[in-house]
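Please read the structure below before turning to the comments.
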C-alpha cells in the first residue's frame, strides 16, 4: 500500500463517527477538527462532541476553532500537511483558501443522492418528501454548498417504517463504506473519476427548526405521517389532542371512510387501536405519544387516563 495517507478529519455529531473510524483504519489521521464544546442538558454544562470524544479516546490531536477564516487558523491546518481533508457533518464552512491546503483534495460525505437534497437536513427532508430511495455521496468539495463532483455513491431504499433515526444510522454506515473505498483507491494509486453534478434536479434540505414540529391537521394524513417519522428522534412532532399538547412519536395515515372523516383536527375514533384524527385529506392514527414530563406510551394507555375521548 505504501505510505499511509495523512488525513485531517473534520466532523462533529454521531453521524460522522463511522467515517472517522474508516479514516483511522485506512489512513493516518493526524488531527481531528470538531465544533467547540457547547452547553447542553438541564445544567447547561459544556459537552464535548461525539467526534471529539472518539478522537481523544484514539489519542488523536483535536482542534476546535470557532471558524476557519483567520490566517492563523488556516496556517495551523496547513502545518498538519494533510494529503486529504475529510469532512462529515462538521458544521463549519470551509473557506476557499482551506480547500487548497491538502495535497490531494477536500472530500465530503453527504447523506443524499446529489444534487437532490443539498444542505443541512437531507435525512429528514427526504423522508418528508416521500422519496423512495436515498443514499450517500463521496464528493470533492468546491466553494459552493454541496456542489462538487461526485467520486463514489451508494443507494438505499427508504422503507415505510424508516424514521430519521433509522435512516441516519444506515446512511452513516454507508458513508463510511464509500469513504473507505475512496481511501483505498487513492492509497493504491487507482484513479478516481469525477462525475459533475447535473444542473437539473437540485433541491435543498434546509436546516430543521423546532417551529416545524407542530402537526397541522389541515395537511394530508400521509404528509403528517412522514413528518412524524422524519422528526424521530429530533425534534419530535407535537399535536393538540382535545386540549392537551402532546408529542407524537408513531402515527399512521388511514383512508377516510366517506363523510365520517370530520373536520381537520377532530377526533373521529379513539380505541385501543389508536386515536384517529381527521386531516385535510385522510385520517392520522396516533399510535404512540408522550405527555408533558411523561414517558412514551401507547394510545391505549393514554386513553385509559382520558376515557372521555373514547368513541
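Data for the structure
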quantity	calculated
Hits in region 53-72 - residues which are part of a helix (DSSP H, G or I), under 14 Å from residue 31 (Cβ atoms) and either in contact with a helix residue (DSSP H, G or I) (Cβ under 9 Å, 6 or more places away or on another chain) or in contact (Cβ under 8 Å) with a residue 24 or more places away in the chain (or both)	54, 55
Residue count for region 229-247, restricted to those that are outside any loop (DSSP other than H, G, I, E, B) and either surrounded by fewer than 22 Cβ atoms within 10 Å (Cβ to Cβ) or without any contact (Cβ under 8 Å) to a residue 40 or more places away in the chain (or both)	8
Subset of region 158-205 (residues that are surrounded by 15 or more Cβ atoms within 10 Å (Cβ to Cβ), touching a strand residue (DSSP E or B) at 6+ places or on another chain (Cβ under 8 Å) and assigned to a loop (DSSP other than H, G, I, E, B))	158, 192, 197, 203
Residue that is nearest to residue 36 (Cα to Cα) [pool: residues in region 79-106 that are touching a residue at least 60 places away in the same chain (Cβ under 8 Å) and in contact with a helix residue (DSSP H, G or I) (Cβ under 7 Å, 6 or more places away or on another chain)]	89
Unmet requirement for residue 35, which otherwise passes all of (1) within 16 Å of residue 8 (Cβ to Cβ); (2) part of a helix (DSSP H, G or I); (3) within 21 Å of the chain's Cα centre (by Cα)	(2)
Residue among 63, 25 that is in the same structural domain as residue 91 (by TED's automatic domain parsing) and either loosely packed, with under 13 Cβ neighbours inside 10 Å or at pLDDT below 95 (or both)	25
Of all residues in region 38-52 being assigned to a loop (DSSP other than H, G, I, E, B) and at pLDDT 95 or above, the one that is nearest to residue 16 (Cα to Cα)	49
Filter result for the condition that a residue is out of contact with any strand residue (DSSP E or B) (no Cβ under 7 Å at 6 or more places or on another chain) and closer than 25 Å to residue 21 by Cβ, over 99, 94, 114, 68	68
Selected residue (criterion: modelled with the lowest pLDDT) from residues of region 143-157 that are surrounded by fewer than 16 Cβ atoms within 10 Å (Cβ to Cβ) and over 25 Å from residue 230 (Cα atoms)	144
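The values are calculated or read from the model by the stated rules, or taken from the named source; none is laboratory data. Everything quoted here is computed from the prediction, not taken from an experiment. Positions of Cβ are backbone-derived with ideal geometry, glycine not excepted, and every protein chain shown enters the neighbour counts.
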